[in-house]
1. What share of Cα pairs, in percent, lie more than 16 angstrom apart in the stretch 69-144?
2. Calculate for the chain the 222 nm mean residue ellipticity that helices alone would give, adding -39,500 (n - 2.57) per DSSP H run of length 4 or more and normalising by residue count, nearest 500 deg cm²/dmol.
3. Between Met353 and Asp292, what is 0.36 nm times their sequence separation minus the Cα-Cα distance? Round to one decimal in nm.
4. When the Cα centres of the stretch 280-356 and the stretch 78-92 are compared, how far apart do they sit, in Å?
5. Net charge around Phe253, counting only other residues with Cβ within less than 11 Å of its Cβ (Lys, Arg = +1; Asp, Glu = -1)?
6. Mark the label point 7 Å from the Cα of Ala51 along Cα→Cβ and return the residues of the stretch 77-111 whose backbone N is within less than 16 Å of it.
7. Leu322: net charge of surrounding residues, Cβ under 12 Å, Lys/Arg +1, Asp/Glu -1, itself excluded?
8. Under a Cβ-Cβ cut-off of 14 Å, what is the net charge of the residues other than Ala99 that fall near it, where Lys and Arg count +1 and Asp and Glu count -1?
Amino acid sequence: MSQTDQSAAIPLDEARVERFAERLFGTYTESFVTLMLDLAHRTGLLETLGAGPGTSQELAERAGLTERYVRECLGALVTAGIVDYAPDRRRYALPAEHAVCLTGPGSLNLAPLAQLTSLLARHVPGVATAFRDGGGVSYREFRPEFTTVMDALNRGLMDGQLVDGILPLAGDLTERLASGIRVADVGCGTGHAVNLLARAFPRSTFVGYDLADDAVAAAREEAASWGLANAAFEVVDVAALPADPPFAAITAFDAIHDQVDPAGVLRRIRAALAPGGVFVMMDVKGASALEDNIGNPFAPWVYGVSTLHCMTVSLAEGGAGLGTMWGEQLARHMLADAGFAVVEVHDVPDDPMNSLYVAR
(Lines give C-alpha, C1' and ligand atoms only; values in the text may rest on other atoms or scores of the structure.)
Protein backbone atom coordinates (compact mmCIF):
# COMPACT_ATOMS: atom_id res chain seq x y z
CA MET A 1 0.00 0.00 0.00
CA SER A 2 1.38 3.42 -0.95
CA GLN A 3 1.79 6.25 1.56
CA THR A 4 -1.12 8.04 -0.16
CA ASP A 5 -3.34 4.97 0.23
CA GLN A 6 -2.36 4.64 3.91
CA SER A 7 -3.21 8.31 4.54
CA ALA A 8 -6.56 7.86 2.83
CA ALA A 9 -7.31 4.85 5.02
CA ILE A 10 -6.88 6.80 8.27
CA PRO A 11 -10.30 7.79 9.59
CA LEU A 12 -10.76 11.55 9.69
CA ASP A 13 -12.09 13.62 12.56
CA GLU A 14 -14.74 15.48 10.57
CA ALA A 15 -15.19 18.09 13.29
CA ARG A 16 -11.47 18.84 13.18
CA VAL A 17 -11.58 19.15 9.40
CA GLU A 18 -14.44 21.62 9.70
CA ARG A 19 -12.67 23.66 12.38
CA PHE A 20 -9.50 23.85 10.31
CA ALA A 21 -11.39 24.84 7.16
CA GLU A 22 -13.09 27.63 9.12
CA ARG A 23 -9.73 28.77 10.39
CA LEU A 24 -8.34 28.87 6.83
CA PHE A 25 -11.27 30.97 5.63
CA GLY A 26 -10.69 33.27 8.59
CA THR A 27 -6.99 33.56 7.76
CA TYR A 28 -7.67 34.40 4.13
CA THR A 29 -10.34 36.91 5.15
CA GLU A 30 -7.99 38.68 7.56
CA SER A 31 -5.37 38.95 4.82
CA PHE A 32 -7.82 41.03 2.78
CA VAL A 33 -8.72 43.09 5.83
CA THR A 34 -5.01 43.93 6.06
CA LEU A 35 -5.03 45.17 2.47
CA MET A 36 -8.11 47.28 3.15
CA LEU A 37 -6.40 48.80 6.18
CA ASP A 38 -3.41 49.60 4.01
CA LEU A 39 -5.65 51.37 1.50
CA ALA A 40 -7.50 53.26 4.21
CA HIS A 41 -4.21 54.32 5.77
CA ARG A 42 -2.46 55.32 2.53
CA THR A 43 -5.40 57.39 1.30
CA GLY A 44 -5.97 59.21 4.59
CA LEU A 45 -9.37 57.60 5.11
CA LEU A 46 -8.45 56.35 8.59
CA GLU A 47 -7.29 59.78 9.70
CA THR A 48 -10.48 61.28 8.29
CA LEU A 49 -12.59 58.77 10.21
CA GLY A 50 -10.55 59.49 13.32
CA ALA A 51 -11.48 63.17 13.04
CA GLY A 52 -15.19 62.36 13.16
CA PRO A 53 -17.99 60.18 11.73
CA GLY A 54 -19.80 60.71 8.47
CA THR A 55 -21.53 59.15 5.50
CA SER A 56 -19.38 57.69 2.77
CA GLN A 57 -20.00 60.83 0.71
CA GLU A 58 -19.06 63.13 3.59
CA LEU A 59 -15.93 61.14 4.37
CA ALA A 60 -14.93 61.05 0.71
CA GLU A 61 -15.31 64.81 0.41
CA ARG A 62 -13.33 65.45 3.59
CA ALA A 63 -10.53 63.11 2.49
CA GLY A 64 -10.55 64.18 -1.16
CA LEU A 65 -11.40 60.67 -2.35
CA THR A 66 -13.86 58.95 -4.69
CA GLU A 67 -17.03 57.99 -2.82
CA ARG A 68 -17.57 54.63 -4.50
CA TYR A 69 -14.13 53.35 -3.43
CA VAL A 70 -14.58 54.75 0.06
CA ARG A 71 -17.93 52.99 0.46
CA GLU A 72 -16.60 49.59 -0.65
CA CYS A 73 -13.51 49.77 1.51
CA LEU A 74 -15.66 50.79 4.49
CA GLY A 75 -17.85 47.76 3.81
CA ALA A 76 -14.83 45.55 4.47
CA LEU A 77 -13.83 47.48 7.60
CA VAL A 78 -17.38 47.49 9.01
CA THR A 79 -17.91 43.76 8.52
CA ALA A 80 -14.46 43.14 9.99
CA GLY A 81 -15.50 44.92 13.19
CA ILE A 82 -13.04 47.78 12.77
CA VAL A 83 -15.46 50.59 11.85
CA ASP A 84 -18.94 51.11 13.30
CA TYR A 85 -21.94 51.69 11.02
CA ALA A 86 -25.36 53.23 11.74
CA PRO A 87 -27.62 52.01 8.88
CA ASP A 88 -30.47 54.38 9.66
CA ARG A 89 -28.22 57.38 8.97
CA ARG A 90 -25.68 55.56 6.79
CA ARG A 91 -22.93 57.00 8.93
CA TYR A 92 -19.57 55.42 9.66
CA ALA A 93 -17.53 55.97 12.83
CA LEU A 94 -14.16 54.82 14.11
CA PRO A 95 -14.44 53.92 17.82
CA ALA A 96 -12.05 55.92 19.98
CA GLU A 97 -10.36 52.73 21.18
CA HIS A 98 -9.72 51.70 17.57
CA ALA A 99 -8.57 55.18 16.57
CA VAL A 100 -5.78 54.97 19.16
CA CYS A 101 -4.36 51.99 17.25
CA LEU A 102 -4.98 53.27 13.71
CA THR A 103 -4.44 57.03 13.65
CA GLY A 104 -2.06 59.71 14.85
CA PRO A 105 1.70 60.24 14.71
CA GLY A 106 2.72 58.25 17.79
CA SER A 107 4.11 54.78 18.37
CA LEU A 108 0.65 53.36 19.15
CA ASN A 109 -0.49 53.79 15.53
CA LEU A 110 -0.29 50.28 14.05
CA ALA A 111 -1.81 51.15 10.66
CA PRO A 112 1.59 51.46 8.88
CA LEU A 113 2.22 47.75 9.57
CA ALA A 114 -0.33 46.92 6.88
CA GLN A 115 1.96 48.40 4.24
CA LEU A 116 4.55 45.69 4.86
CA THR A 117 2.09 42.95 3.92
CA SER A 118 1.22 44.69 0.65
CA LEU A 119 4.89 45.19 -0.21
CA LEU A 120 6.13 41.70 0.61
CA ALA A 121 3.20 40.01 -1.15
CA ARG A 122 4.56 41.30 -4.46
CA HIS A 123 7.70 39.21 -3.97
CA VAL A 124 6.02 35.85 -3.40
CA PRO A 125 6.78 34.71 -7.02
CA GLY A 126 10.47 35.60 -6.67
CA VAL A 127 10.80 33.84 -3.33
CA ALA A 128 8.98 30.80 -4.76
CA THR A 129 11.65 30.63 -7.46
CA ALA A 130 14.34 30.75 -4.77
CA PHE A 131 12.61 27.83 -3.01
CA ARG A 132 13.30 25.74 -6.11
CA ASP A 133 16.58 27.17 -7.37
CA GLY A 134 18.26 28.50 -4.23
CA GLY A 135 19.56 32.02 -3.78
CA GLY A 136 17.02 34.70 -2.98
CA VAL A 137 15.45 38.04 -3.87
CA SER A 138 18.04 40.81 -3.61
CA TYR A 139 17.58 43.86 -1.42
CA ARG A 140 17.63 46.20 -4.41
CA GLU A 141 14.47 44.56 -5.77
CA PHE A 142 12.55 45.72 -2.67
CA ARG A 143 13.58 49.34 -3.08
CA PRO A 144 12.59 52.14 -3.13
CA GLU A 145 9.26 51.03 -1.60
CA PHE A 146 10.97 49.19 1.24
CA THR A 147 12.75 52.36 2.33
CA THR A 148 9.45 54.23 2.58
CA VAL A 149 7.64 51.40 4.37
CA MET A 150 10.37 50.88 6.98
CA ASP A 151 10.45 54.61 7.68
CA ALA A 152 6.69 54.56 8.26
CA LEU A 153 6.96 51.52 10.55
CA ASN A 154 9.71 52.93 12.77
CA ARG A 155 9.15 56.69 12.80
CA GLY A 156 6.37 56.72 15.41
CA LEU A 157 8.33 54.54 17.82
CA MET A 158 11.49 56.58 17.43
CA ASP A 159 9.61 59.85 17.89
CA GLY A 160 7.85 58.65 21.00
CA GLN A 161 10.42 56.46 22.74
CA LEU A 162 14.00 56.78 21.45
CA VAL A 163 15.27 59.60 23.66
CA ASP A 164 13.10 59.18 26.76
CA GLY A 165 12.26 55.46 26.70
CA ILE A 166 14.96 53.49 24.87
CA LEU A 167 18.16 55.36 25.68
CA PRO A 168 17.68 55.20 29.49
CA LEU A 169 17.84 51.39 29.19
CA ALA A 170 21.49 51.70 28.11
CA GLY A 171 22.89 52.78 31.48
CA ASP A 172 24.80 56.05 31.44
CA LEU A 173 24.59 56.51 27.67
CA THR A 174 22.21 59.47 27.96
CA GLU A 175 24.66 61.33 30.21
CA ARG A 176 27.58 60.54 27.90
CA LEU A 177 25.65 61.79 24.88
CA ALA A 178 24.85 65.00 26.70
CA SER A 179 28.55 65.52 27.44
CA GLY A 180 29.59 64.77 23.86
CA ILE A 181 30.72 61.51 22.24
CA ARG A 182 31.11 60.04 18.75
CA VAL A 183 28.29 57.68 17.69
CA ALA A 184 27.56 55.47 14.66
CA ASP A 185 24.30 53.88 13.56
CA VAL A 186 24.62 50.82 11.32
CA GLY A 187 21.86 50.17 8.82
CA CYS A 188 20.49 53.65 9.48
CA GLY A 189 17.82 53.60 6.74
CA THR A 190 16.31 57.05 6.35
CA GLY A 191 18.34 58.23 9.34
CA HIS A 192 15.45 59.40 11.45
CA ALA A 193 16.87 57.88 14.63
CA VAL A 194 20.24 59.52 13.99
CA ASN A 195 18.63 62.88 13.37
CA LEU A 196 16.52 62.64 16.53
CA LEU A 197 19.64 61.89 18.57
CA ALA A 198 21.63 64.65 16.89
CA ARG A 199 18.91 67.16 17.66
CA ALA A 200 18.60 66.02 21.28
CA PHE A 201 22.37 65.90 21.94
CA PRO A 202 24.09 68.75 20.08
CA ARG A 203 27.45 68.14 21.79
CA SER A 204 27.74 64.66 20.28
CA THR A 205 28.46 63.79 16.66
CA PHE A 206 26.60 61.10 14.75
CA VAL A 207 27.15 59.25 11.50
CA GLY A 208 24.69 56.86 9.89
CA TYR A 209 25.76 54.09 7.51
CA ASP A 210 23.47 52.30 5.06
CA LEU A 211 23.76 50.37 1.81
CA ALA A 212 20.75 52.11 0.23
CA ASP A 213 21.57 55.39 -1.49
CA ASP A 214 17.91 56.41 -1.60
CA ALA A 215 17.62 56.01 2.18
CA VAL A 216 20.82 57.98 2.79
CA ALA A 217 19.55 60.76 0.52
CA ALA A 218 16.38 60.99 2.61
CA ALA A 219 18.45 61.04 5.81
CA ARG A 220 20.60 63.89 4.55
CA GLU A 221 17.55 65.85 3.42
CA GLU A 222 15.93 65.59 6.85
CA ALA A 223 19.18 66.55 8.62
CA ALA A 224 19.50 69.60 6.40
CA SER A 225 15.89 70.62 6.97
CA TRP A 226 16.45 70.40 10.72
CA GLY A 227 19.68 72.40 10.50
CA LEU A 228 21.78 69.63 12.05
CA ALA A 229 25.52 70.18 11.79
CA ASN A 230 26.38 67.14 13.94
CA ALA A 231 24.73 64.42 11.79
CA ALA A 232 26.31 62.87 8.70
CA PHE A 233 25.40 59.91 6.51
CA GLU A 234 27.40 57.66 4.21
CA VAL A 235 26.52 54.93 1.73
CA VAL A 236 28.56 52.06 3.15
CA ASP A 237 28.19 48.30 3.48
CA VAL A 238 28.39 47.97 7.25
CA ALA A 239 30.50 44.84 6.82
CA ALA A 240 33.23 47.41 6.12
CA LEU A 241 32.27 49.74 8.97
CA PRO A 242 35.03 52.34 9.48
CA ALA A 243 36.88 51.69 12.74
CA ASP A 244 39.35 54.59 12.88
CA PRO A 245 38.79 56.74 14.80
CA PRO A 246 36.71 54.48 17.04
CA PHE A 247 33.22 55.23 18.33
CA ALA A 248 32.09 55.57 21.93
CA ALA A 249 28.68 54.08 21.03
CA ILE A 250 27.20 52.22 18.08
CA THR A 251 23.50 51.56 17.52
CA ALA A 252 21.60 49.20 15.21
CA PHE A 253 17.82 49.23 14.97
CA ASP A 254 16.46 46.02 13.39
CA ALA A 255 19.46 45.92 11.08
CA ILE A 256 21.64 42.94 12.07
CA HIS A 257 19.52 39.87 11.33
CA ASP A 258 19.24 40.50 7.57
CA GLN A 259 22.95 41.13 6.94
CA VAL A 260 24.82 38.93 4.50
CA ASP A 261 27.40 38.18 7.19
CA PRO A 262 25.81 39.12 10.54
CA ALA A 263 28.59 37.53 12.59
CA GLY A 264 31.18 39.49 10.64
CA VAL A 265 29.23 42.72 11.10
CA LEU A 266 29.06 42.16 14.87
CA ARG A 267 32.82 41.58 14.98
CA ARG A 268 33.33 44.75 12.96
CA ILE A 269 31.13 46.72 15.35
CA ARG A 270 33.16 45.41 18.31
CA ALA A 271 36.39 46.43 16.58
CA ALA A 272 35.01 49.92 15.87
CA LEU A 273 34.19 50.63 19.53
CA ALA A 274 36.58 52.54 21.75
CA PRO A 275 37.51 51.02 25.15
CA GLY A 276 34.45 51.28 27.38
CA GLY A 277 32.20 51.63 24.34
CA VAL A 278 28.65 50.35 24.17
CA PHE A 279 26.66 48.67 21.40
CA VAL A 280 22.89 49.20 21.55
CA MET A 281 21.02 46.76 19.30
CA MET A 282 17.25 46.65 18.90
CA ASP A 283 16.11 43.46 17.23
CA VAL A 284 13.12 41.16 16.99
CA LYS A 285 11.99 39.49 20.21
CA GLY A 286 11.76 35.74 20.02
CA ALA A 287 13.39 32.43 20.81
CA SER A 288 16.00 30.70 18.69
CA ALA A 289 14.24 27.31 18.84
CA LEU A 290 11.00 26.90 16.88
CA GLU A 291 9.32 24.97 19.67
CA ASP A 292 9.83 27.89 22.04
CA ASN A 293 7.97 30.22 19.67
CA ILE A 294 4.83 28.09 19.52
CA GLY A 295 2.18 30.12 21.28
CA ASN A 296 3.88 33.44 20.50
CA PRO A 297 1.08 35.35 18.72
CA PHE A 298 3.59 37.36 16.67
CA ALA A 299 5.66 34.36 15.57
CA PRO A 300 3.81 33.55 12.30
CA TRP A 301 4.13 37.19 11.24
CA VAL A 302 7.86 37.25 12.06
CA TYR A 303 8.62 33.98 10.26
CA GLY A 304 6.62 35.26 7.27
CA VAL A 305 8.53 38.55 7.12
CA SER A 306 11.75 36.57 7.38
CA THR A 307 10.84 34.27 4.50
CA LEU A 308 9.70 37.10 2.23
CA HIS A 309 12.43 39.61 3.06
CA CYS A 310 15.05 39.33 5.79
CA MET A 311 16.27 35.82 5.07
CA THR A 312 15.97 36.01 1.30
CA VAL A 313 17.93 39.27 0.89
CA SER A 314 20.84 37.64 2.72
CA LEU A 315 20.66 34.38 0.77
CA ALA A 316 20.48 36.35 -2.48
CA GLU A 317 24.07 37.44 -1.86
CA GLY A 318 25.25 34.00 -0.76
CA GLY A 319 24.92 35.06 2.87
CA ALA A 320 24.10 33.34 6.14
CA GLY A 321 20.32 33.72 5.82
CA LEU A 322 20.11 34.20 9.58
CA GLY A 323 16.46 35.23 9.42
CA THR A 324 14.33 37.56 11.48
CA MET A 325 13.60 35.01 14.20
CA TRP A 326 17.23 34.36 15.14
CA GLY A 327 16.16 34.70 18.76
CA GLU A 328 17.67 35.87 22.00
CA GLN A 329 19.72 32.73 22.67
CA LEU A 330 21.58 32.91 19.34
CA ALA A 331 21.89 36.69 19.57
CA ARG A 332 23.59 36.41 22.96
CA HIS A 333 25.90 33.69 21.62
CA MET A 334 26.88 35.73 18.56
CA LEU A 335 27.48 38.88 20.60
CA ALA A 336 29.76 36.89 22.92
CA ASP A 337 31.62 35.41 19.94
CA ALA A 338 32.10 38.94 18.59
CA GLY A 339 33.89 39.92 21.79
CA PHE A 340 31.22 41.52 23.96
CA ALA A 341 31.66 40.65 27.62
CA VAL A 342 28.40 41.94 29.08
CA VAL A 343 25.00 41.70 27.38
CA GLU A 344 21.77 42.99 28.92
CA VAL A 345 18.35 42.44 27.30
CA HIS A 346 15.39 44.75 27.90
CA ASP A 347 11.83 45.10 26.66
CA VAL A 348 11.30 48.05 24.32
CA PRO A 349 8.66 50.57 25.48
CA ASP A 350 5.54 50.59 23.28
CA ASP A 351 7.01 47.81 21.12
CA PRO A 352 6.14 44.22 22.09
CA MET A 353 7.86 42.82 19.00
CA ASN A 354 11.43 43.94 19.75
CA SER A 355 14.07 43.56 22.45
CA LEU A 356 16.91 45.94 23.27
CA TYR A 357 20.37 44.44 23.67
CA VAL A 358 22.98 46.52 25.48
CA ALA A 359 26.44 45.01 24.87
CA ARG A 360 29.69 46.25 26.35
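The values are calculated or read from the model by the stated rules, or taken from the named source; none is laboratory data. Since the model is a prediction, treat every value here as computed from it, not as a measurement. Neighbour counts run over all protein chains shown; Cβ positions are idealised from the backbone, glycine included. Side chains included, ligands, DNA and RNA excluded: accessible areas come from the protein's heavy atoms. Shrake-Rupley method; radii C 1.70, N 1.55, O 1.52, S 1.80 Å.
1. Of the Cα pairs, 66 percent sit more than 16 Å apart.
2. Computed mean residue ellipticity for the chain: -14500 deg cm²/dmol.
3. Numbers: separation 61, 0.36 × 61 = 21.96 nm, distance 1.54 nm.
So the extension gain works out to 20.4 nm.
4. 40
5. Around Phe253, the surrounding residues sum to -4.
6. 92-94, 103-105
7. -3
8. -3
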